[in-house]
Each structure stands twice: as structure tokens, then as C-alpha cells.
Ligand code: HEC
């Protein structure tokens, strides 16, 4: 018992630093999971790197971007005229049911209702966007 206590005391400074490290590890795990989900659900139509050819608009820097504004992409009228900004909340609604969120969009229906899956994909999209998502107002 004494040994356990001594070991626990010795570990204290490390334990004190653990939450920050664990937070970073968790964030990276979310991004990695999000990338795998993105590759499975979105990648065939959306390049993450704008240098690659893509059927849908590239999603690099999509977080915080005004909808329908990727240069030279031929958007539907619905998306171009929507006037929305891709906040995390708008991206969730889009993933959940893009066709209902924006009638007239030419993106085939996706229905990602699981909030955790949305969280992971969002973490990945944020990781490939320059803007700080926490600075974007949720509407
Ligand atoms: C079958 C092809 C396809 C799949 C799969 C797909 N998309 Fe799309 N996406 C499109 C097309 C096409 C558009 C352009 C829609 C329009 O102009 O109405 C689009 C548009 C978008 C936009 C708007 C971007 C902008 O510049 O305004 C976002 C955000 C988006 N998709 C996210 C996703 C995410 C996240 C996934 C995966 C969960 C996904 N898409 C899966 C084809 C696809």
C-alpha cells in the first residue's frame, strides 16, 4: 500500500499535465476518425486538396466560407443563392439531410444523423480549414 501511495505521489506532476495532453490526443483521434469517415462518405466527390480534380467543390477551407463561392465551380442556383455561411451548425444540418436543408441542391442526398460521426467529420473539415471554427458564430 505504501508503495502504491509513493508511486502515486511521484506521478503527481505528470498527472497534473495529463488533461492538456489527453485533450490534444483526443483532438487528433477525432481528426483521424473524421478523415477516415470523410474518405468513406465524401471523398469520392470532394477533394480535400484544391489541387485535385473533384466532382463537387473542394472542401479545403470550407469552414467559415460563404456557400457557393469556390472559384470557377458550377454550383446549383439553390446553393449559389442561399446566402448562408458554412458554420459548424450549417455543416451539421447539411450532413444530416442536405436535400431538406437546401431544396434544389445538386448534391446527392446524404443522411448522416449520428452526432458523433458529424463531430468527427467536422473535426477533420476544421483541420483542413484555416479559420478557427470556435470564432465562427453558430446560427
Ligand atoms: C455523390 C457526390 C457527393 C458526395 C458523396 C458528397 N457531396 Fe458534397 N457536394 C456535391 C456536389 C455536386 C455539390 C455542389 C452542390 C450544389 O451546387 O448544389 C456539393 C456541395 C457540398 C458543400 C457546399 C460547398 C460550397 O462550396 O458551398 C458542402 C459543405 C458539402 N458538399 C459537404 C459534403 C460532405 C461533408 C460530404 C460527406 C458527408 C459530402 N458533401 C458528400 C457532391 C457530393
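Only the coordinates and a few stated rules stand behind these numbers; no lab work does. These numbers come from a predicted model, not from an experiment. Here Cβ is always computed from backbone atoms with ideal geometry, including for glycine, and neighbour counts include all displayed protein chains.
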Fill in the blank from the handout: Dividing the surface of the Cα convex hull of segment 79-127 by four yields a projected area in nm² of 3.4
Handout entry: More than 19 angstrom apart: percent of Cα pairs within segment 26-133
Key = 39
Handout entry: Cα→Cβ-extended label distance, 7 Å offset, between residue 99 and residue 72, nm
Key = 3.2
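Given a Förster radius of 35 Å and the C-beta distance between residue 24 and residue 89 as r, what FRET efficiency does 1/(1 + (r/R0)^6) yield to the nearest 0.05?
The formula returns an efficiency of 0.90 here.
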